[in-house]
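Notes follow the structure.
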Ligand SMILES: [Zn+2]
């Protein structure tokens with residue numbers, strides 16, 4: 001009797017054992033995601049429960065092989081695998097150190113195949129299961145940067161975007177949100193639906209537009225759904241409405257619905273504004289979701305997740321909302337092909353997030369935001385590193401002042417250099433060329449060179465691929481004249497550290513009340529001469545706040 005008992009324990013332990021998870025946020029090694037195969041679609045079925053933190057999952061992943069490869073490596077960690085099939089036949093695989101290697105020797109380049117993986121367990125990360133801020137059960141995905149692999153097998157890298165559909169069996173009093181469109185009304189789950197048997201509804205969502213894995217999310221909890229309105233000027237090619245308009249809704253815990261209104265009320269206006277400035281809204285709908293993301297906001301395509309605490313405390317997070325909505329175009333639709341080009345996502349969202357306030361709350365409000373950004377850059381610990389910094393191996397460390405405020409300032413300076421008409425034409429062209437795809441900094445530079453006819457290599461070299469910013473000191477010598485005007489000789493010194501470049505920028509040199517001459521700064525030390533009837537009281541540059549420059553006197 002005792003012996004049997006011990007054997008039984010051993011068997012049940014080995015069946016339930018989940019492998020130890022790998023660490024999240026580690027930058028991939030060179031060529032880890034080399035394009036030997038592409039994922040076309042993820043079809044994910046997940047069983048959730050109110051009584052257990054265990055999930056049951058089935059992933060049907062459509063893959064195209066670009067080369068003959070012996071194995072298909074997929075990212076997956078911390079959960080147990082029950083079976084792996086390719087095109088409905090049992091496949092050999094190994095599963096270790098955060099990868100499933102699936103035998104693909106029998107398949108040839110250009111072949112499309114479907115990998116089906118059945119799995120279960122308690123996710124260690126990525127899908128956050130537990131009590132929400134009010135003590136009620138909730139499930140929210142939080143994938144950035146590479147934590148999708150903690151709850152579904154994936155090629156978990158932004159270079160490979162894919163469409164995704166979700167079939168979620170969730171406790172019947174929960175609402176379930178995900179990317180894309182709700183493709184049918186939630187219905188009572190089938191008897192044999194995966195996961196624990198309890199009173200459940202099955203929700204089906206589908207994103208027909210390819211999105212990066214760090215954007216693929218579900219959220220499930222007791223929530224209020226409030227329709228905020230319709231963005232009439234979204235012109236979304238993915239909209240299910242014939243006029244391309246999209247519905248904007250809020251998904252909040254019932255306790256916080258009222259408090260959240262302040263933060264979300266201008267969301268429709270924001271969608272319309274960004275569409276006008278950039279191009280058509282890329283997705284089927286937009287949902288603002290209160291969630292258990294670790295970030296203030298996470299821009300998941302068409303289902304933005306916000307910090308539950310911020311909303312529960314009744315804080316106005318409108319600046320975050322504007323930033324995350326701007327991400328739908330930049331980050332989600334035009335995605336950085338490599339993590340180290342994150343400024344294409346965060347710098348753009350920071351700048352466009354602020355641009356909304358420029359047009360709706362005025363130039364002063366916008367300049368105040370840009371000044372705050374400037375101070376964050378000056379005080380940051382990463383000023384000795386370039387924005388695109390391949391040395392960073394912990395991807396969470398990319399969430400720094402270089403990728404956010406400095407990236408935003410790069411765009412602001414480019415706008416100042418090219419003028420509004422050319423700058424926004426370039427932005428639209430870049431979006432129209434790369435939407436639903438991926439891009440690198442050089443792709444953006446090329447478009448801006450095309451529209452402006454200017455060589456911008458020096459601009460991107462100094463601001464994106466070099467550290468620092470100009471620090472300027474003036475010296476002045478006044479030469480009075482007996483009759484007529486006197487002369488002021490102004491020396492401009494760039495006094496920044498030696499390891500930062502000598503910056504090149506165009507600006508205005510001004511004295512007293514807005515008397516200015518255009519100047520091009522391109523040397524460590526330069527002299528300029530101005531004439532004036534009286535000795536100027538004040539000397540300054542950049543009167544209209546276009547340059548990221550630290551002026552010392
Ligand atoms: Zn962001």
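Could you tell me how many degrees, from 0 to 90 and to the nearest 10, lie between the Cα long axis of helix 343-361 and the main elongation axis, the longest principal axis, of the Cα atoms of the chain?
With rounding to tens, the tilt is 70 degrees.
What distance in nm separates the simple spin-label points at residue 528 and residue 32, each placed 7 Å from Cα in the Cβ direction?
Output for this residue pair reads 4.8 nm.
For a footprinting-style exposure proxy, rank 516, 510 by other Cβ within 10 Å, fewest first. Can you show the working numbers first?
Numbers: 516 15, 510 20.
Lowest to highest Cβ neighbour count: 516, 510.
Among rounded, prolate and oblate, which fits the chain when a ≥ b ≥ c are the square roots of the eigenvalues of its C-alpha gyration tensor, a/c under 1.5 means rounded, and a/b larger than b/c means prolate?
prolate
Once you order the gyration tensor axes a ≥ b ≥ c over the Cα atoms, which shape class does the range 14-159 get: rounded for a/c under 1.5, otherwise prolate or oblate by comparing a/b with b/c?
It is prolate, given that a/c is not under 1.5 and a/b is the larger ratio.
Normalised by the number of residues in the range 269-426, what is the relative contact order in percent for Cα pairs under 8 Å and 6+ residues apart?
Worked out over the range 269-426, it gives 19 percent.
Measure nothing but the geometry: give the 0 to 90° angle between the long axis through the Cα atoms of 420-434 and the longest principal axis through the Cα atoms of the chain, rounded to 10°.
Compared with the principal axis, the helix lies near 20 degrees.
Rounded to whole Å, give me the distance from the Cα center of the range 114-159 to that of the range 255-297.
If you average the Cα positions of each part, the centres end up 23 Å apart.
Once the piece of chain linking residue 474 and residue 550 is laid out straight, how much longer is it, given 0.36 nm per residue of separation minus the C-alpha distance between them?
Contour length minus Cα-Cα distance gives 26.2 nm.
Which value in nm describes the separation of the simple spin-label points at residue 397 and residue 90, placed 7 Å from the Cα toward the beta carbon?
Each label point is offset 7 Å from its Cα along the Cβ direction, giving 4.6 nm.
Once the piece of chain linking residue 134 and residue 502 is laid out straight, how much longer is it, given 0.36 nm per residue of separation minus the C-alpha distance between them?
Net length gain for the segment: 127.1 nm.
Please give the helix 318-327 orientation as an angle from the longest Cα principal axis of the chain, in degrees from 0 to 90, rounded to the nearest 10.
Taking Cα atoms only, the helix is inclined about 80 degrees.
So for the pair residue 295, residue 82, with labels modelled 7 Å out along Cα→Cβ, what separation do we get in nm?
Taking the two extended label points, one gets 3.3 nm.
Using 0.36 nm times the number of residues separating residue 262 and residue 535, minus their current alpha carbon distance, what extension gain do you get? It would help to have the intermediate numbers written out before the result.
Values: separation 273, 0.36 × 273 = 98.28 nm, distance 5.17 nm.
Full extension of this stretch gives 93.1 nm more.
Restricting everything to alpha-carbon atoms, can you work out Rg to Rh for the range 80-174 with a Kirkwood hydrodynamic radius?
1.02
Sorting 527, 343, 409 on the 10 Å Cβ count, fewest up front, what's the list?
So the ranking, lowest neighbour count to highest, is 527, 409, 343.
Classify the range 471-551 as rounded, prolate or oblate, taking a ≥ b ≥ c as the square roots of the eigenvalues of its Cα gyration tensor: rounded when a/c is under 1.5, otherwise prolate if a/b is larger than b/c and oblate if not.
Taking the square roots of the gyration eigenvalues as a ≥ b ≥ c, the range 471-551 is prolate.
Residue 183 to residue 226: FRET efficiency via 1/(1 + (r/R0)^6), r the Cβ-Cβ distance, R0 22 Å, to the nearest 0.05?
The computed FRET efficiency comes out at 0.55.
Using Cβ counts within 10 Å as a stand-in for footprinting exposure, how do 26, 479 rank, fewest first?
Values: 26 14, 479 11.
Fewest to most other Cβ atoms nearby, the residues stand as 479, 26.
Calculate the FRET efficiency for residue 67 and residue 455 from the Cβ-Cβ distance with a Förster distance of 25 Å, rounded to the nearest 0.05.
0.10
Any read-out appearing in this document is the output of simple, stated calculations on the displayed coordinates, not a laboratory observation. Keep in mind the model is a prediction, meaning the values are calculated, not measured. Here the Cβ is made from the backbone with ideal geometry for all residues, glycine too, and neighbour counts use every protein chain on show.
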